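Engineer: Got a structure here, written out as structure tokens. Questions coming.
Throughout, read-outs are computed from the coordinates displayed, never taken from laboratory work. Model, not experiment: these values are computed from the prediction. Glycine also receives a Cβ, built like all others from the backbone with ideal geometry; neighbour counts cover every protein chain displayed.
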Amino acid sequence: MSARQWTLEFEWERPLLSANDRYGWRERHQRTRLARTSARLKAWQAHIPALDKVHVHLVWQVADRRRRDGNENLAPTLKALIDGIVDAGVVPDDTPNLVERSSPAIEYLGPGHAKRDQRVLLVVTEVDA
């Protein structure tokens, strides 16, 4: 049996949080809350059931090939999105034995795409416990 998979799409031109950001505590809290709430709502809309264990993967789809300080720099956004799927009841907690995660990726959309086409995806895959 193949694992069930859901892709949550966030129409953000860039991830809301970055390890390099230097926001004040209020701005960081607002961005974290927005990411977490958005993930919770998207998980509900996708009708993701309660699962024993999941694998999550963050993909930032970009419109150009500019050099970006990516991967682990996107970890704060990934953490907030994982908290959101926990809030939605997909898994009971975000501990490593319940949520496997891979490094975030940056993916080029290809020619003909504008900055407004950029988005952040969270791929949630059911894992056999």
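Rundown of residues vs (1) of a type outside the set (Val, Ile, Thr); (2) at negative phi; (3) exposed (fewer than 14 other Cβ atoms within 10 Å of the Cβ); (4) assigned to a loop (DSSP other than H, G, I, E, B), yes/no style:
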position: Leu8; (1), (2), (3), (4): yes, yes, no, no
position: Ala19; (1), (2), (3), (4): yes, yes, yes, yes
position: Gln30; (1), (2), (3), (4): yes, yes, yes, no
position: Arg40; (1), (2), (3), (4): yes, yes, no, no
position: Trp44; (1), (2), (3), (4): yes, yes, no, no
position: Asp64; (1), (2), (3), (4): yes, yes, yes, yes
position: Leu81; (1), (2), (3), (4): yes, yes, no, no
position: Ile85; (1), (2), (3), (4): no, yes, no, no
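Engineer: Here is a further query. Can you pull out the residues in segment 87-129 that are assigned to a helix (DSSP H, G or I) and either of a type in the set (A, V, I, L, M, F, W, C) or within 24 Å of Arg67 (Cα to Cα) (or both)?
Structural biologist: Lys115, Arg116, Asp117
Engineer: Check Gly89, Gly84, Gly24 and return the single one that is of a type outside the set (Ser, Thr, Tyr), without any contact (Cβ under 8 Å) to a residue 60 or more places away in the chain and closer than 15 Å to Val120 by Cβ.
Structural biologist: None of the other options fit; the residue is Gly84.
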